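The values are calculated or read from the model by the stated rules, or taken from the named source; none is laboratory data. All values derive from a computational prediction rather than experimental measurement. Here the Cβ positions follow ideal geometry from the backbone for every residue, glycine too, while neighbour counts run over all protein chains shown. Side chains included, ligands, DNA and RNA excluded: accessible areas come from the protein's heavy atoms. Shrake-Rupley method; radii C 1.70, N 1.55, O 1.52, S 1.80 Å.
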Amino acid sequence: MKILPVLETRLQHLLDNFYARLPQPVPSLERLRQCRIVSHRGHYDNRRVFENTMAAFDQACNQGVWGIELDLRWTKDLHPVVIHDADLNRVFGSSLVVRQATLAELKSECPLVPSLDETVQRYGKKLHLMIEIKAEPYPDPARQNRILKDLFSSLEPRKDYHFLTLTPEMFDLLAFVPKSAFVPIARFNFFRLSKLAIEQNYTGLAGYYLFLTAFRLKKHQKSQQKVGTGYINSKNCLFRELNRGVEWVFSDNAVELQQIVNQLLQNK
């Protein structure tokens, strides 16, 4: 077991619990209207409804959540599919490795894993799509770009979708879409990726909310860029982010947060 990720997760849970209990003022009407909640891998529990599946995305869509974050990987025969991990073990209990299987083999082993084509066809222009590019080899970038270009041909970058990644070098492989549709995801490298996002004229920056300082937030706002933070799972934490001007709120509890925002807008 790797010690650092475990300690990092425990620290985040402690801080999340602290901010969940720290009272925050109700955001202004303008901030509530600007709020864009993104359901992280859909609304799921990984027991009855599994992450990154149509059922998880349906629940977010049906409850009026603004967008969904989904993960993109490639099969052996170069079909883009929606799954977070490199294999099926953690979520579906199978040792099958996605990039070592054809789409037919993947679907036979686990029909719940959707193709990117199915996902775009079903939710394009209904939900804002935040597609995270996972760091993995691209054996035929030219062909893979043609595939993605065709899949997203009916959608408009920035308006309908963005591409995200923890590894900004992956953006170099996406030639069919403008840089303004890219959003790097920062962890402990907020300064470096913040600088990169501004220099490259990306849409903006996303990352863990506690690492986003007020100075860094204002720097992106001054550059007319958007900022997204995660994972915001409580009302008080949501209010904190909205009050300081964050627009994109990534959450594992997006349905409940969207209901809170909707209720406040109705009462204003």
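Structure summary
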quantity: Segments classed as helices (runs of 4 or more DSSP H), wholly inside segment 1-74, with at least 2 members that are within 30 Å of Asp160 (Cβ to Cβ) and open to solvent by 40 Å² or more (accessible area, probe 1.4 Å); calculated: 29-34, 54-62
quantity: Residue within segment 230-238 that is touching a Pro at 6+ places or on another chain (Cβ under 9 Å) and more than 30 Å from Val98 (Cα to Cα) present; calculated: yes
quantity: Index of the failed condition, Tyr44 passing every other in (1) touching a strand residue (DSSP E or B) at 6+ places or on another chain (Cβ under 9 Å); (2) closer than 23 Å to Thr229 by Cα; (3) among the aromatic types (Phe, Trp, Tyr); calculated: (1)
quantity: Only listed residue being crowded, with 16+ Cβ neighbours inside 10 Å, under 17 Å from Gly64 (Cβ atoms), out of contact with any Lys or Arg (no Cβ under 8 Å at 6 or more places or on another chain) and not aliphatic (A, V, I, L, M), chosen from Gln258, Gln225; calculated: Gln258
quantity: Every pair of residues 6+ apart whose Cβ atoms lie under 8 Å, when the first sits in segment 96-111 and is over 12 Å from Pro80 (Cα atoms) and open to solvent by 70 Å² or more (accessible area, probe 1.4 Å) while the second is at pLDDT below 95 and hydrophobic (A, V, I, L, M, F, W, C); calculated: none
quantity: Only one of Ser234, Ser180 that is in contact with a helix residue (DSSP H, G or I) (Cβ under 6 Å, 6 or more places away or on another chain), of a type outside the set (A, V, I, L, M, F, W, C), in contact (Cβ under 8 Å) with a residue 12 or more places away in the chain and open to solvent by 10 Å² or more (accessible area, probe 1.4 Å); calculated: Ser234
quantity: Test for Ala55: is it over 29 Å from Ser234 (Cβ atoms) and small (Gly, Ala, Ser); calculated: no
quantity: All positions within segment 252-268 that are out of contact with any helix residue (DSSP H, G or I) (no Cβ under 6 Å at 6 or more places or on another chain) and outside any helix (DSSP H, G or I); calculated: Asp252, Asn253
quantity: Sole residue being open to solvent by 10 Å² or more (accessible area, probe 1.4 Å), charged (D, E, K, R), at pLDDT 95 or above and assigned to a loop (DSSP other than H, G, I, E, B), chosen from Glu132, Glu136, Glu118; calculated: Glu136
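Let's see how each residue does on (1) over 30 Å from Asn89 (Cβ atoms); (2) under 17 Å from the mean Cα position of the chain (by Cα); (3) assigned to a strand (DSSP E or B); (4) of a type in the set (A, V, I, L, M):
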residue	(1), (2), (3), (4)
Ala142	yes, no, no, yes
Ile147	no, no, no, yes
Lys159	yes, yes, no, no
His162	no, yes, yes, no
Phe171	no, yes, no, no
Val177	yes, no, no, yes
Phe191	yes, no, no, no
